[in-house]
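S.K.: A single structure is presented below for examination.
Read the figures in this text as sums done on the coordinates, not as results from a lab. In this text the structure is predicted, and so the values were computed from the model without any measurement. Reconstructed Cβ throughout: ideal geometry from the backbone, glycine too, with neighbour counts over all protein chains shown.
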Amino acid sequence: MNDYRYDHQTVQGFILSAIFWGVVGILIGLLISVQLWAPAANFAPYLTYGRLRAVHTNGLAFGLGVGAIFGLSYWIVMRLCKRPLLFPRLARVQLWLFNVGIALAALSLMAGQTQSLEYAELEWPLDIAIVVLWVMFAVNVFGTIAKRNEQQMYVSLWYVIATVIAVAVLYLVNNLSIPAGWDKSYHLFAGVNSANVQWWYGHNAVGFVFTTPILAMFYYFLPKATGLPIFSHRLSIVAFWSLVFAYLWTGAHHLVYTPLPDWIQTLAIVFTLFLIAPSWGSVVNGYYTVGQDWTKMRSNYLTKFFVLGITFYGLQTVQGPTQALRVVSQLIHYTDWVPGHVHMGTMGWVTMVTAASIYHVIPRIYGTEIYSERIANVHFWLVLVGQLLFSITMWITGIRQGWMWKATDAEGRLVYRNFMETVTGNYPYWHTRTLAGIIFTVGMLFFVTNVLMTIRKGRALERGASGAPAPAAA
Amino acid sequence: MAGRIYSKAFPFSVMALVAVLAGTIVTMAYPLVRPEMHVKVAGLAPLGPLELAGRDVYQREGCVNCHTQTVRPLKSEVVRYKGNRAQEPTGRYSLAGEFAYDHPFLWGSKRTGPDLAFEGWIKPSRDWHAAHYADPRALVARSNMPAYAFLAKEQLDAAELQAHMRALRKVGVPYTDEDLAAVPAAVAGKTAMDGLVAYTLSLGKAVNRAAPGGIDVELDAPNPLAASVEAVVKGKALFETNGCGACHGDEAHGQEGVAPSLVDGEFLGVAGDLPDAAYFAMIKGGSDVKPALGRPGVPDGGMQAYGADLSDEDVWSIVAWLRNQKAHEAAEHPEHEDAEHGKKE
């Protein structure tokens, strides 16, 4: 067991880093939600909505998301390969570089250094740092898998491998740019090509940051937490290959009705509809897995996180293809509906499953139990209510504003000619969204407390077990 | 599919890579070599130095997070963003060929504020944009846009701009050595605000989206609706729904440094009023009509043409309201003053 001790501390380091950046990202999310209805809350130039929105999205996608993915993927890889990491010190260097990178990323975005590509805002020096981080991750994942002590690779390993490969391809291509100074560059591609490459990247960042690594966690931690085996191995095989094949064709559904050639849009829409099948393959597999014993919903506090998480994943992957249809896109595209959609995936699916996985891992590092199941339950309900309130509010106001933009009278004239008429109706919904964000944030603070208290309890146990006097608090 | 591949990491990884590359090649790489992805509208020119500086500011401040730059080929959208003024049907919405020098594209994904693709045509007033960027709520009540007054204090740096143009040249924007040499003179004494305003006014200008020209100015023509109370009521509503108040103020009193009053004793910068038909021509044809009226107005003033959006009856109704408003002012004002005096005494 001692072989794992060093690696477990690295895993815990990634988890704690992810939690730290998660709290930062969520608080900035709250601030920008206020800025939307209270423009006086913009503090120019560094703390305006235009600059902070990227800090929010990058902080949570890369700080919370990728930080947790690094840590939990290492945990999964070690367990499924039945050995410690092949390069433990490299993983520790990666942990430090990750934190320095995210800190610099946040500062550079506040300074206005941006490529103006969604989820690829960071300028070229930070892009290079991210590539280095990803190479470190890939070397350890592939190295450890190559030297594994369990011949058969379980589903979760497939998803980790697909994540490592796909993100590398996506990130390298979309960030091709020509530097115009140390803090400024211009995209290699222009106009329609720039748009097409960006949304091929942008949508698959969702696919291979917010989907495949989370599915890796789901397939590993759900059976571990519940003691129930995955319902169908064959279904997980079909779902895996069809998902990683189909995802890459769908980016242009973000560009429906733009000047991008129609054939690329249509191809993307068709594959987006197909994507329902592999997504629901995993949803069905998840439901039938828990369906072997529904009493686990009561007896095991983690089960509900996974069940609600996969439920939101299921809703997300029906809503997404619906949005890609031209007739729906023309109504809701560019409105608040879309943030409502995205936040169901991030706040519902990603956060639920990631938090449950962390609840599973942290006590096991110390051979103990979670600090408080009651706090975990409070966390669950607050996050659930906050997320539902957020998304439903945004869907309503998105449809409302989309209709107002489109409304014409019998003579073909706009009913709401002044754009502001369509904006002011958002304000009550934007107030509610901030309230939803506060509820969600409080829920996440319960989660953070629970994790930190579990670590504290684990460390106390360790000190007791070793018989050494407790060292002064660091 | 079953079996051995799941115990062999290398072949498995190669298979996963192939699965990922299939869609990548067809939908991302192949379009890069397709001719329809490399079109240019006739006469497309790279942004000038001041406009490019403005685009850099637009990127830096994250304007793209709240404003899109593509007008979709949807009827309501074409009408909202005044694409319907274009005489060529293809100019009514955004075209691939307009963006051939856009590194990166700035189409955006969210319209918290309006689309800006045709802003150079929709709101061609330099003064309005400068005032609006400095303090959005002074011109648009309840707007949630941040204020960017600090941009007016930021001097543009010619050397930095030249470095940016050299980088753009490497990705294919045809800047010449002469273009680079002209930068210091073009941005001398200019601020980031000047750049941002210039960029805003350049948006959509690669394609002709001007309203049909040739408004016949007949100053003798009487207002057929002059005596109509219904026309006054309708005109007031049209003044509001078409956003006239955004520049001229809700009561048409004008706004300092943005747009003139429509109810005082001046018209187009000269004392003394002109007949109703002059107002009619200015609303229909915009600032282009000024020479025909023989008055200078504000230099490069930004009155837009509403001829494509409003029927003649609508325009006469607005004029009727403006005249009614002016008469009302003249009658009310002294009385109002007296009342004030009465209170003070």
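S.K.: Per residue of region A:333-339, in order, report the coupling 6.51 cos²θ - 1.76 cosθ + 1.60 (Karplus, θ = phi - 60°) as ³J(HN,Hα) in whole Hz, putting x for Gly and Pro.
M.R.: Couplings: 5, 6, 9, 6, 3, 5, x Hz.
S.K.: Additional query: What is the magnitude of the charge dipole of the protein assembly as shown about its Cα centre, with +1 placed on the Cβ of each Lys and Arg, -1 on the Cβ of each Asp and Glu, and no other charges, expressed in debye to the nearest 20? Spell out each step's value before the answer.
M.R.: On the way: 62 positive and 61 negative charges, 1043 e Å.
Approximately 5020 debye in magnitude.
S.K.: Calculate how steeply helix B:312-344 sits against the longest principal axis of the alpha-carbon atoms of chain B, using the helix alpha-carbon long axis, and give the answer as 0 to 90 degrees to the nearest 10.
M.R.: Around 60 degrees separate the two axes.
S.K.: If you don't mind, there's one more thing I want to ask. Just to verify a number: FRET efficiency for residue B:210 and residue A:176, C-beta to C-beta distance, R0 = 60 Å, to 0.05?
M.R.: For R0 = 60 Å, the calculated efficiency reads 0.95.
S.K.: In which sequence would B:150, A:380, A:208 go, from the one with the fewest C-beta neighbours within 10 Å to the one with the most?
M.R.: Sorted ascending by nearby Cβ count, the order is B:150, A:380, A:208.
S.K.: Moving to a separate point now. Taking each pair of different alpha-carbon atoms in the protein assembly as shown once, compute 1/r for the pair, average those values, and report the inverse of that mean as the Kirkwood hydrodynamic radius in Å to one decimal. Don't jump to the answer; show the numbers that get you there.
M.R.: Working: mean 1/r = 0.0344 Å⁻¹.
Computed over Cα pairs of the protein assembly as shown, the Kirkwood hydrodynamic radius comes out at 29.1 Å.
S.K.: So for A:226, B:90, A:441, B:70, fewest C-beta neighbours within 10 Å to most, what's the order?
M.R.: On the way: A:226 20, B:90 12, A:441 17, B:70 26.
Sorted ascending by nearby Cβ count, the order is B:90, A:441, A:226, B:70.
S.K.: Suppose R0 equals 56 Å. What FRET efficiency, 1/(1 + (r/R0)^6) with r the Cβ-Cβ distance, do residue B:253 and residue A:96 give to the nearest 0.05? Walk me through the intermediate numbers first.
M.R.: Details: r = 62 Å, r/R0 = 1.11.
Using R0 = 56 Å, I get an efficiency of 0.35.
S.K.: Right, something else. Mean shadow of chain A, computed from the convex hull of its alpha carbons, in nm²?
M.R.: If I average the Cα hull's projected area over directions, I get 24.1 nm².
S.K.: Anyone know which of B:24, B:200, B:176 comes out most mobile in the 10 Å Cα GNM of chain B?
M.R.: Ranking B:24, B:200, B:176 by mean-square fluctuation puts B:24 first.
S.K.: What FRET efficiency would be calculated for the residue pair residue A:280, residue B:26, taking the C-beta separation as r and a Förster radius of 25 Å, to the nearest 0.05?
M.R.: Efficiency, from the Cβ-Cβ distance: 0.55.
S.K.: Mind checking which of B:302, B:189, B:254 has the largest fluctuation in a GNM of chain B, springs on alpha carbons under 10 Å?
M.R.: B:189
S.K.: I've got another one for you. Only Cα pairs under 8 Å and at least 6 apart count here; give the relative contact order of chain A as a rounded whole percent.
M.R.: Value for chain A: 13 percent.
S.K.: Averaged over its residues, how many other protein chain Cβ atoms are within 10 Å of peptide B:285-298's Cβ atoms?
M.R.: So the per-residue partner count for this stretch is 0.
S.K.: Only Cα pairs under 8 Å and at least 6 apart count here; give the relative contact order of region A:193-304 as a rounded whole percent.
M.R.: 36
S.K.: Please determine, in degrees from 0 to 90 and to the nearest 10, the orientation of helix B:276-285 with respect to the longest principal axis defined by the Cα atoms of chain B, where the helix direction is its Cα long axis.
M.R.: Taking Cα atoms only, the helix is inclined about 0 degrees.
S.K.: Can you give the relative contact order of chain B as a percent, counting alpha carbon pairs under 8 Å and 6+ residues apart? Intermediate values should be presented prior to the final figure.
M.R.: On the way: 461 pairs, mean separation 64.6, N = 345.
Dividing the mean separation by the residue count of chain B yields 19 percent.
S.K.: I've got another one for you. How crowded by other chains is B:105-118, given as the mean number of beta carbons from other chains within 10 Å of each beta carbon?
M.R.: Partner-chain Cβ atoms within 10 Å, mean over residues of B:105-118: 6.
S.K.: Going by C-beta contacts inside 10 Å, put A:72, B:322, A:331 in order with the fewest on the left. Don't skip to the answer; put the middle values down first.
M.R.: Values: A:72 28, B:322 22, A:331 18.
Going from least to most buried by this count: A:331, B:322, A:72.
S.K.: A follow-up question, please. For the Cα atoms of chain B, what angle does the longest principal axis make with the long axis of helix B:229-241, in degrees from 0 to 90, nearest 10?
M.R.: On a 0 to 90 degree scale, this one is about 30.
S.K.: To the nearest 20 Debye, how big is the dipole of chain B about its Cα centre, given +1 on the beta carbon of each Lys and Arg and -1 on that of each Asp and Glu?
M.R.: Charge dipole of chain B: 2420 debye, to the nearest 20.
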